[in-house]
Amino acid sequence: MQYQRRYQFTPLLIAIAAAGMSLPATSMATEPNQTRVSSQRASVEHTTQTQALAEQQEIERQIKRIEAKLKTEPKEKGWVIVGDAYMHLKRYNEAVSAYQNAYLLSEDSKDVRAKIKRALNHAQVEQ
């Protein structure tokens, strides 16, 4: 019965929406649900932010570890990985530096050159 009652208003709701009108709040029963949904949404956003921060910190730890190794054993691929990580963190000037180190170790790599250009463009836009 309640199912039928809800759907008998569907044509009215469609007409109101088509006319660009809005309906007043139907009852106070929706407010607790809205509050609960808002609370859940805030909790999800907080969890997402916490996870993003943890991911960023882990990336920074890995960058430091790789950079330390690259000081003793420099390799093009390693510096490209560091540059890519800095790009992911939106630290474009540091990415440029890492890519330049990779380019110096490469044999005129077009891929590394393209990464340097991209990082430079992002760094200029950021300023």
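Taking the stretch 47-127 and the helices (runs of 4 or more DSSP H) fully enclosed by it, the elements with 3 or more residues that are more than 20 Å from the chain's Cα centre (by Cα) and among the hydrophobic types (A, V, I, L, M, F, W, C) are at 92-105, 110-126.
Within the stretch 80-100, can one find any residue that is among the acidic types (Asp, Glu) and under 24 Å from GLU126 (Cα atoms)? Scanning the stretch 80-100, I find at least one residue that is among the acidic types (Asp, Glu) and under 24 Å from GLU126 (Cα atoms), so the answer is yes.
Surrounded by fewer than 10 Cβ atoms within 10 Å (Cβ to Cβ) and without any contact (Cβ under 8 Å) to a residue 12 or more places away in the chain, is that true of GLN127? Here the answer is yes, as GLN127 does meet what is asked. Annotation for the stretch 58-81: at least one member residue is small (Gly, Ala, Ser) and surrounded by fewer than 14 Cβ atoms within 10 Å (Cβ to Cβ).
Beta carbons closer than 9 Å, at least 6 apart along the sequence or on distinct chains, never pair a first residue in the stretch 92-118 that is in contact (Cβ under 8 Å) with a residue 40 or more places away in the chain and over 22 Å from ARG65 (Cα atoms) with a second that is surrounded by 17 or more Cβ atoms within 10 Å (Cβ to Cβ) and among the polar types (S, T, N, Q).
Each value in this text was obtained by applying a stated rule to the coordinates, not by laboratory testing. Keep in mind that this is a model prediction, so the values were computed, not measured. Note that we place each Cβ from the backbone using ideal geometry, even for glycine, and neighbour counts take in every protein chain shown.
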